[in-house]
1. Around Leu45, under 11 Å between beta carbons, what's the net of Lys plus Arg minus Asp minus Glu among the other residues?
2. Multiplying the sequence separation of Glu46 and Asp62 by 0.36 nm and subtracting their Cα-Cα distance, what value in nm do you get?
3. So what is the relative contact order of the chain, in percent, for Cα pairs below 8 Å that sit 6 or more residues apart?
4. Which trypsin sites (Lys or Arg not before Pro) from region 37-76 combine a DSSP loop assignment with at most 12 other Cβ atoms within 10 Å?
5. At 7 Å along Cα-to-Cβ for each site, give me the label-to-label distance between Asn84 and Ala14 in nm.
6. Can you give the accessible area of Val107 in Å² (nearest 10), computed on protein heavy atoms with a 1.4 Å probe?
7. Please give the net charge around Leu34, taking every other residue with its beta carbon less than 9 angstrom from that of Leu34, where Lys and Arg add +1 and Asp and Glu add -1.
8. Just add up the charged neighbours of Asn84: K/R +1, D/E -1, any other residue whose Cβ is under 14 Å from the Cβ of Asn84.
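The values are calculated or read from the model by the stated rules, or taken from the named source; none is laboratory data. This one's a predicted model, so the numbers in the text were calculated from it and none came from an experiment. As a convention, Cβ positions derive from the backbone with ideal geometry for all residues, glycine included, and neighbour counts pool all protein chains shown. Just the protein is used for accessible areas: all its heavy atoms, side chains included, with ligands, DNA and RNA removed. Shrake-Rupley method; radii C 1.70, N 1.55, O 1.52, S 1.80 Å.
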Amino acid sequence: QVQLVESGGGLVQAGDSLRLSCAASRLTVSYYALGWFRRPPGKELEFVAAISRNGDLTNYKDSVKGRFTISRDNAKNAVYLQMNSLKPEDTAVYFCAAGSDYNKLLVRQYYFWGQGTQVTVSS
């Protein structure tokens, strides 16, 4: 079956950087827009960033603009999220997902999901 596997999470201090990776198997990612979502403690899953099939278009949650960068490597069947200047409010479980279009922001608009990776930012 299709698998998306996230990695790169961890415990960091405010102001630090992390790079999340998501590797896909049994899924040709070039057919899909790819996104990152997150679930902060006690809150609902929320959109973070998305990238178009060929990587030329991106979309970001307002609070991460200028700090996070989404990228993809279709040859490696992977998507990445570079997170800089991390803040405690970025603490969440981060999920990658594959969907139809980079401008889709809703959970239900994405078809395949990873299991998530924990990011904890201490103040």
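1. Once positives and negatives cancel, what remains is +2.
2. 4.6 nm is the gain from fully extending Glu46 to Asp62.
3. Working: 322 pairs, mean separation 44.3, N = 123.
It rounds to 36 percent for the chain.
4. Sites meeting the loop and neighbour criteria: Lys43, Lys65.
5. 2.0
6. 60
7. Details: positive: Arg53, Arg72; negative: none.
Taking every other residue near Leu34 into account, the sum is +2.
8. Overall, the nearby charge balance is +2.
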